[in-house]
Amino acid sequence: MNLHEYQGKEILNSFGVRIQRGIVASNHKAAVDAAKQLTVETGTSWYVVKAQVHAGGRGKGGGVKLAKNLAEVESISNDIIGMMLVTPQTSAEGKKVNQVLICEDVYYPGDSEPEEYYMSVLLNRNTGKNMIMYSTEGGMDIETVAEETPHLIFTEEIDPTMGLLPFQARKIAFNLGLSGVALKEMTKFVSALYTAYIKSDSSMFEINPVLKTSDSKILAVDAKVTLDENALYRHKDYALMRDLREENPIEVEAKAAGLNYVDLDGNVGCMVNGAGLAMGTMDLIKQAGGEPANFLDVGGTADAARVETAFGIILKDPNVKAILVNIFGGIVRCDRVAQGVVDAYKSMGDKINVPIICRLQGTNAVEAKELIDNSGMEIISATEFQEAADKVADVLGL
């Protein structure tokens, strides 16, 4: 589950990670009030107005701007709220901005120049260990840094049985070229950041930039946080942070119906029971020349109501040109699934306007195929996995 910047910073702050302070606002009047409050609390007289959307690269799209007075806060906020923000991480259409974060200015003059770093915490799937990735090149796209100057990216892996050790936090600070007060501050920052990552059950923290201020404070100027949805039962307060406006509406509907659905860019809708079979089905569609339009696991039950709901969700994608139903009847009997498919087809009538290929294998598979073949419905039955994929290719003219 992705979070907005202000929500990610709330989590970081709760674990002792120093952050750039800010107040979220949903209209330009509230933005001015937020700026006034920040002045009282922090003494700042300049403000950073940040669009709150689930996407990186907001500054490149005009979603992050500096305001030097309250009038500019009002004007900039009014321009940003309601805009369709296009960044390298959004579609061409962009994302609508519903709120902004008014932040204090932390690039104030002092004894030294502010410096920006990159830092993230995530799982290294190759080793099965968490790692901290960091670089002196903060404020830049880490992909660009990795491509052009890979020697400037460092990683520190953490043994899950030991946790982050003090020497590792100091090593990170040393590699960033810090010394004195800044080194001590970075060591504390790294330790608190890793604690926040573990205790919040997050999948990723990305702080870009981590800032060393002119007076050697270390703080998170940005926060991109992804939580592990499977652990939300332990964090009821985090679950309330979900912003459904930022998510694919079809995926939201599927989740509400108890279906495991992920929207993709292809032309063949998939309805499968079991995640492994679903991934195998997607692979076979690809090999046959098609492109999967979704991942959809209907689970262990597939009655008429559930199948009809799944069909309805798949058909909301205008790119779908065919649907492959691939069910293994282990817990659920194939003939019951077949009856569900037939009943759903009859119920939906003209709403189903693409070919359906139905492959049922397992308990009562023979009876299921007979039921499909004798239904009078325009449903193409298949027995073997490859046969089903070939029939998908046939109806698509591949």
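Screening the candidates Ile372, Ile323 for the property of being in the same structural domain as Gly276 (by TED's automatic domain parsing), outside any helix (DSSP H, G or I) and on the phi < 0 side of the Ramachandran plot yields one hit, Ile323.
Just so you know, in the range 344-362 the residues that are crowded, with 17+ Cβ neighbours inside 10 Å and not aliphatic (A, V, I, L, M) include one that is nearest to Asp317 (Cα to Cα), and it is Pro355. Only one of the numbered conditions (1) surrounded by fewer than 20 Cβ atoms within 10 Å (Cβ to Cβ); (2) not assigned by TED's automatic domain parsing to the domain that holds Ser77 is not met by Asn98, and that is (2). Just one of the numbered conditions (1) in a strand (DSSP E or B); (2) surrounded by fewer than 21 Cβ atoms within 10 Å (Cβ to Cβ); (3) aliphatic (A, V, I, L, M) is not true of Ala30: (1).
Filtered by the rule that a residue be within 19 Å of Tyr107 (Cβ to Cβ) and β-branched (Val, Ile, Thr), the range 34-59 gives Thr39, Thr42, Thr44, Val48, Val49. Residues of the range 89-109 that are small (Gly, Ala, Ser) and either under 21 Å from Gly22 (Cα atoms) or touching a residue at least 24 places away in the same chain (Cβ under 8 Å) (or both): Gly94 alone.
Residues are listed down the side, and each one gets a yes or a no for (1) farther than 26 Å from Gly59 by Cβ; (2) of a type outside the set (Val, Ile, Thr); (3) in contact (Cβ under 8 Å) with a residue 24 or more places away in the chain:
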{"position": "Thr136", "(1), (2), (3)": "no, no, yes"}
{"position": "Ile142", "(1), (2), (3)": "no, no, yes"}
{"position": "Glu147", "(1), (2), (3)": "no, yes, no"}
{"position": "Phe154", "(1), (2), (3)": "no, yes, no"}
{"position": "Ile158", "(1), (2), (3)": "yes, no, yes"}
{"position": "Gly163", "(1), (2), (3)": "yes, yes, yes"}
{"position": "Ile172", "(1), (2), (3)": "no, no, yes"}
{"position": "Tyr194", "(1), (2), (3)": "yes, yes, yes"}
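Name the single residue that is nearest to Val121 (Cα to Cα) among those in the range 143-177 being charged (D, E, K, R) and exposed (fewer than 10 other Cβ atoms within 10 Å of the Cβ). Break it down stepwise before answering.
Step one: of the range 143-177, the residues charged (D, E, K, R) are 143, 147-148, 156-157, 159, 170-171.
Still in the running and exposed (fewer than 10 other Cβ atoms within 10 Å of the Cβ): 143, 147.
Details: Glu143: 16, Glu147: 20 Å.
Applying the filter and picking the extreme gives Glu143.
Scan the range 308-315 and tell me whether some residue there is closer than 22 Å to Ile372 by Cα, in a loop (DSSP other than H, G, I, E, B) and without any contact (Cβ under 8 Å) to a residue 60 or more places away in the chain. Yes, there is a match, as at least one residue in the range 308-315 is closer than 22 Å to Ile372 by Cα, in a loop (DSSP other than H, G, I, E, B) and without any contact (Cβ under 8 Å) to a residue 60 or more places away in the chain. Residues in the range 222-262 that are buried (at least 18 other Cβ atoms within 10 Å of the Cβ) and under 30 Å from Arg333 (Cβ atoms) were compared, and the one that is nearest to the chain's Cα centre (by Cα) is Tyr261. Among the residues examined, Gly128 does not qualify as under 24 Å from the mean Cα position of the chain (by Cα), closer than 22 Å to Thr213 by Cβ and modelled with pLDDT under 95.
If the condition is being under 24 Å from Lys321 (Cβ atoms) and of a type in the set (S, T, N, Q), then the range 332-360 contributes Ser347, Asn353.
Is at least one residue of the range 88-105 out of contact with any His (no Cβ under 8 Å at 6 or more places or on another chain), within 30 Å of Leu183 (Cα to Cα) and part of a loop (DSSP other than H, G, I, E, B)? Within the range 88-105 (the criterion being out of contact with any His (no Cβ under 8 Å at 6 or more places or on another chain), within 30 Å of Leu183 (Cα to Cα) and part of a loop (DSSP other than H, G, I, E, B)), the answer is yes, since at least one residue qualifies. For Leu70, the conditions (1) at pLDDT below 95; (2) over 25 Å from the mean Cα position of the chain (by Cα) all hold with the exception of (1). Residue under question is Ala192, and the condition is that it be at pLDDT 95 or above and either assigned to a helix (DSSP H, G or I) or under 19 Å from Glu5 (Cα atoms) (or both); does it hold? Judged against the criteria, Ala192 is a match. Please work out which residue is surrounded by the most Cβ atoms within 10 Å (Cβ to Cβ), limiting yourself to the range 33-59 and to residues that are of a type in the set (Gly, Ala, Ser) and within 23 Å of Leu193 (Cα to Cα). Looking at residues that are of a type in the set (Gly, Ala, Ser) and within 23 Å of Leu193 (Cα to Cα), I get Ala55.
Residues in the range 233-287 that are of a type in the set (Val, Ile, Thr) and farther than 20 Å from Cys358 by Cβ: how many? Can you show your working first?
First pass over the range 233-287, keeping only residues of a type in the set (Val, Ile, Thr): 250, 252, 262, 268, 272, 281, 285.
Within this subset, residues satisfying the condition of being farther than 20 Å from Cys358 by Cβ are 250, 252, 262.
Total meeting the criteria: 3.
Scanning the range 290-314 for residues that are surrounded by fewer than 18 Cβ atoms within 10 Å (Cβ to Cβ), at pLDDT 90 or above and more than 11 Å from Tyr261 (Cα to Cα) yields a single hit, Glu291.
The values are calculated or read from the model by the stated rules, or taken from the named source; none is laboratory data. Predicted, not measured: the structure shown is a model, and the values here were computed from it. Positions of Cβ are generated from backbone atoms using ideal geometry, with glycine treated the same way; all protein chains shown enter the neighbour counts.
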